[in-house]
Amino acid sequence: MYTNYMKKPLIPTFFLVLSLLILGCSKPSEPDTALGDKANLLNQSQIDWVSSSLLYNSDAEKKSLSILYFTDDACSDGVLMEQNTFLDSTVIIALNSAYNVVRISTANDSLIQFQDRMITGNQFFKTYNLVGVPSMLILDAENKYFGRIQANYYPSDSFLVLLQLYKEKNQ
């Protein structure tokens with residue numbers, strides 16, 4: 001009688017382990033590549049950050065608007081933007097489809113291209129009289145001032161409204 005008692009709980013446990021092994025080893029479905037660029041946009045999981053030199057390279061393929069995202073690693077609003085807003089899939093798609101996105105640190109002395117010369121991120125920041133980080137500068141296709149997004153944390157829904165506004169204004 002002792003052996004029958006021990007066998008009963010082993011049977012459901014055996015089937016549970018077996019089903020987990022079978023399900024865990026199934027091959028994931030492959031993405032459909034026939035959908036083209038739309039499928040590529042939907043599969044994007046991060047922002048396509050570009051170098052500022054792309055903006056001033058006349059031979060490079062560029063989008064009609066650029067966002068220069070000025071930040072400082074110690075800035076709490078910047079950290080929130082990068083941990084929340086910039087990880088949102090709808091924000092990623094909106095940015096990657098319509099904007100050249102450049103991340104510029106104002107905290108270090110790294111040189112970046114600005115027009116025909118090299119300057120620091122902080123010098124670039126001061127050139128446009130920006131106040132506070134994270135701030136964003138919007139440039140048109142000729143790299144001329146088009147607008148700005150003031151220093152603040154913007155949740156995804158608010159940020160998407162701003163992106164759409166500038167996109168529509170550019171058309």
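Data overview
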| read-out | value |
| --- | --- |
| Long-range amide H partners of residue 101 with built H, under 5 Å | 50, 67 |
| Length released on extending from residue 73 to residue 88, taking residue separation times 0.36 nm less the Cα-Cα span | 3.4 nm |
| Residues whose placed amide H lies under 5 Å from that of residue 64, excluding near-sequence neighbours | none |
| Order of 103, 148 - criterion: other Cβ atoms within 10 Å of each residue's Cβ, fewest first | 148, 103 |
| Using θ = phi - 60° and Karplus 6.51 cos²θ - 1.76 cosθ + 1.60, couplings along region 96-107 (whole Hz; Gly, Pro as x) | 5, 7, 10, 10, 8, 10, 10, 9, 10, 8, 9, 8 |
| Derived scalar couplings ³J(HN,Hα) [region 59-64; Karplus, 6.51 cos²θ - 1.76 cosθ + 1.60; whole Hz; x for Gly, Pro] | 8, 6, 7, 10, 8, 6 |
| log₁₀ of I(q)/I(0) at q = 0.10, 0.20 Å⁻¹ - region 43-170, Debye sum with one point per alpha carbon | -0.28, -1.23 |
| J(HN,Hα) series, region 116-123, from Karplus relation 6.51 cos²θ - 1.76 cosθ + 1.60, nearest Hz, glycine and proline x | 9, 9, 9, 9, 7, x, 5, 5 |
| Label point distance in nm, residue 56-residue 117, each placed 7 Å from Cα along Cα→Cβ | 1.0 nm |
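Since every read-out is calculated from the coordinates, none of them should be taken as a lab result. Bear in mind that the values here come from a model prediction, so they are computed numbers and not experimental data. Using ideal geometry, Cβ is built from the backbone for each residue, glycine included, and neighbour counts are taken over all protein chains shown.
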